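So the structure is just underneath, and the comments pick up after that.
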Amino acid sequence: QVQVVESGGGLVQPGGSLKLSCAVSGSMISSYGMNWYRRAPGKTHRELVAAITSGGDANYSEAVKGRFTISRDNAKNTVYLQMNSLSPEDTAVYYCNPPPGVWKDDYWGQGTQVTVSS
């Protein structure tokens with residue numbers, strides 16, 4: 001059984017930083033890419049914000065490019081999201097998952113809440 005546990009969220013002032021972690025058990029992530037998504041308040045869909053390939057190449061949405069950095073530690077089966085220069089628009093629940101189709105079933109974690117407010 002695959003389990004995904006996101007952590008590291010919290011309340012931060014505008015301009016602040018947070019580092020999120022995504023620990024996966026039941027599946028070795030080293031052979032596939034991983035993504036970070038977020039769901040903003042009042043929205044029903046998850047927005048893709050960052051992606052990292054199995055080889056470590058990263059891509060970002062325009063909304064976070066230059067401020068967020070995705071990384072991975074295959075030995076720990078964990079993916080990270082370093083978030084800098086946070087703004088209230090970054091307030092959301094953040095989730096991680098591989099690209100659609102990698103896992104046969106949906107294994108979403110509870111996500112981690114990030115709130116940016118003064």
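The values are calculated or read from the model by the stated rules, or taken from the named source; none is laboratory data. The model shown is predicted, which means the values in this text are computed figures rather than measured ones. Here the Cβ positions follow ideal geometry from the backbone for every residue, glycine too, while neighbour counts run over all protein chains shown. With ligands, DNA and RNA removed, areas are computed over all heavy atoms of the protein, side chains included. Shrake-Rupley method; radii C 1.70, N 1.55, O 1.52, S 1.80 Å.
Per-structure values
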quantity	calculated
Flag if D106 is in contact (Cβ under 8 Å) with a residue 12 or more places away in the chain and either of a type outside the set (S, T, N, Q) or within 15 Å of E6 (Cβ to Cβ) (or both)	no
Scope the stretch 53-68; condition touching a strand residue (DSSP E or B) at 6+ places or on another chain (Cβ under 7 Å) and open to solvent by 70 Å² or more (accessible area, probe 1.4 Å); matching residues	N59
Residues of the stretch 2-14 classified as in a strand (DSSP E or B) and open to solvent by less than 30 Å² (accessible area, probe 1.4 Å), total	4
Selection from the stretch 63-118 of residues that are touching a helix residue (DSSP H, G or I) at 6+ places or on another chain (Cβ under 6 Å) and part of a strand (DSSP E or B)	V116
Single condition H45 does not satisfy, out of (1) of a type outside the set (F, W, Y); (2) in a strand (DSSP E or B); (3) out of contact with any Cys (no Cβ under 9 Å at 6 or more places or on another chain)	(2)
Scan of the stretch 39-52 for residues that are open to solvent by 20 Å² or more (accessible area, probe 1.4 Å) and over 10 Å from the mean Cα position of the chain (by Cα), ordered by number	R39, A40, P41, G42, K43, T44, H45, R46, E47
Residues that are within 12 Å of the chain's Cα centre (by Cα), closer than 19 Å to A92 by Cβ and open to solvent by less than 70 Å² (accessible area, probe 1.4 Å), drawn from the stretch 15-38	L18, L20, S21, C22, M34, N35, W36, Y37, R38
Test: L86 is open to solvent by less than 30 Å² (accessible area, probe 1.4 Å) and modelled with pLDDT of 95 or more	yes
